[in-house]
1. Please work out the C-alpha center-to-center distance from segment 431-447 to segment 272-336 and express it in whole Å.
2. What number, in percent, do you get for the relative contact order of segment 319-404 if the mean sequence gap of Cα pairs under 8 Å and at least 6 apart is divided by its residue count?
3. Could you work out the pair-distance distribution P(r) of segment 422-581 from its alpha-carbon pairs, with 5 angstrom bin width and percents rounded to whole numbers?
4. As an exercise, use a Förster radius of 56 Å and the Cβ-Cβ distance of Asn607 and Glu15 to find the FRET efficiency, rounded to the nearest 0.05.
5. Using 1/(1 + (r/R0)^6) with R0 = 22 angstrom and r between the beta carbons of Asp514 and Ser390, what's the FRET efficiency to the nearest 0.05?
6. Could you give the size of the charge dipole of segment 112-211 about its Cα centre, using +1 on the Cβ of each K and R and -1 on the Cβ of each D and E, expressed in debye and rounded to the nearest 20?
7. In nm, to one decimal, how far is the Asp383 label point from the Lys335 one, both placed 7 Å along Cα→Cβ?
8. Using the heavy atoms of the protein chains alone and a 1.4 angstrom probe, what is the accessible area of the chain per residue in square angstrom?
Amino acid sequence: MSDLDKNRYAPLLKEKMSPESYLKLTALDNLKLFEFVGEYVELCQPDSVYMCDDSDEDAEYLRNTALELKEEKKLAKEGHTIHYDGFFDQGRAPGATKNLVPKDRVARMPGLQPLEREEGLAEVLGILKGIMKGKQAVVKLSCEGPTHSPFSVACAQISDSFYVCHSEELLYRRGYEHFKSMEDKDKFFRFVHSAGKLDENGNSVDLDKRRIYQDLEDYIVFSANNQYAGNSVGLKKHSMRLAINLSGREGWLCEHMFVMSILDDKRGRKTHFCGAFPSACGKTSTAMLPGEKIIGDDIAYFRNINGEFRAVNVENGIFGIIKDVNAEDDPLIFKTLMTPGKEIIFSNVLTGPDNQPYWLGMGVDIPKEGWNFSGPWHEGKTDAKGNPISFAHSNARYTLRLWYLENIDAAYEDKNGVNVQGIIYGGRDSDTSVPIEEAPDWKSGILVKACTLESETTSATIGKEGVLAPQPMANLDFISYPIGDYIANNIRFVQGIKKAPRIYTVNYFLKGKDGEFLTSKLAKKVWLHWAERRIHGEANAHRAPLGFIPVYEDLREMFREYLEEDFSREVYDELFKFRVDPWIAKIHRAIRFYERMAPDCPEEYFNVWHSLAHKLEMLKGKYGPSIAPGAYSE
Ligand code: SPV
Ligand code: MN
């Protein structure tokens, strides 16, 4: 008999769990876990509770039950399923998302969705009371990062959505065995999720009671009345907010970044890069560049290991935007999505009469009717306001295991991560930043490049699209402690690192006078290889006001080598001219943003931004509104 049998929750858990499930839970001999499960079973009152271990049988059970409950349906190709989120639950819900912090912290985090902890807990626990009645709940254990590694973060989730648990099964490493032998048994993140009351299509109906509350003191997240994975899957963005907070306390980093390897076959080199891009700005397609290797596409942890800047992909799969994935632009993902026999969840795309998925920018003929996130759909269907409903949502997604991809780098399993040599910050603007630029050093890279990153808002969050908004480190939606401290932690992190990575910015979205993009989607390959060559001391650069930009001759050769394209000097001059006025405006926007969002941001940082604005004003006097590449000198 286990000591846990004497626990006050034991009778309740024995009543709700099968003997097998109960045994799986008690076999872990983890009091904190047992009480977590007990406490929230008592509160949420599911009819029964299923405990998963790391077996394939349990993975199968999650998938089959998601199908039985119609949270997912089978598509025509073997292994493929479709899941729909509710019409108004198609993206992350920032308005319903709060970081629960002690009272004295609230004023230090304006704009970071702070809510006084006691108040938030009372509210969300009230919403969760009895929320799982009539349902089966699942307890699933996972591990962020490779198990039993310096990066591992153990996670426990209780949810009444089998789609959520199935998604986690595809996206994260199984963690039951990790829990069994982890060193600190009390150190794990906890997530409580319920889709709440469902309509006849299986969608959450109480959206007014949709809540995603991160308790940053106790490392537990409560998510209620939602299904969209960015709101419901505990291990994704909830866990990220907890990890960012924890990393701030412990001096490591959790970033909204891909991890990839750039291969230079001629020189026999493999160089690891990480990249932060706000949602829908080309992050996954960069990590999936043909000819390179992917390690992860969304979230990275960084640690100093023996003086090296090491990174792991936190996840084990991809929850990717499917829009514009087609044979030409994203051939590898497209091929994977079209291959039967792989376990893939499609969400919020059109299911055609042939029971196949169709999405925006797929590059094939689209049926005129079918089923989508609005229910039965036909061409010309409109919403309650009379606006046309497109056949698939622009934030529709696919969920798949990373190792399905033929370009996966086996290094993604390395317990000590990979040594990162380049960091890329990718924004989205049509008229300001050059396609690629190298920061002079780490600190100015963080303060001038990462902190001034901006993007137009996209469909990944609910709200108006196309508004230019500051996106420091592409991480604004997830930063969970005062921004000034977060910037300081980024700057400080390289102390003690023998060779800090070089920092780059990219912008794939520059447009010419006619409103057309100036480069093709594949040009990113050249920008990344230029960065790779810089790191190895092989590419030349012009000094520009904010860093180093490529010289024309190198790019001409690289466009030919990688894309078999002629790259003209006219296009180069247009792409790489320094646009003084937009940059002055951008710096002022950043200053206003930090004044508002980071009241206790160190003065030193404001001095950097103010003197930069001043410098740019001076340059305008000297050079005029635009500075041709090569014309500038310090
Ligand atoms: C993102 O929007 O950055 C995503 C998808 O990775 S979500 O899980 O919704 O955050
Ligand atoms: Mn993301």
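The values are calculated or read from the model by the stated rules, or taken from the named source; none is laboratory data. As the structure is a computational prediction, the values presented were derived from the model and not from experiment. Glycine gets a Cβ as well: all are built from the backbone with ideal geometry, and neighbour counts include every protein chain shown. Surface accessibility is based on the protein's heavy atoms, side chains included, excluding ligands, DNA and RNA. Shrake-Rupley method; radii C 1.70, N 1.55, O 1.52, S 1.80 Å.
1. Using only Cα atoms, the two centres lie 21 Å from each other.
2. The normalised contact order for segment 319-404 reaches 39 percent.
3. All Cα pairs considered, the percentages come to 2, 8, 17, 21, 19, 15, 10, 6, 2, 0.
4. 0.35
5. Efficiency, from the Cβ-Cβ distance: 0.25.
6. That gives a dipole near 260 debye.
7. 3.7
8. Accessible surface, normalised per residue, equals 38 Å².
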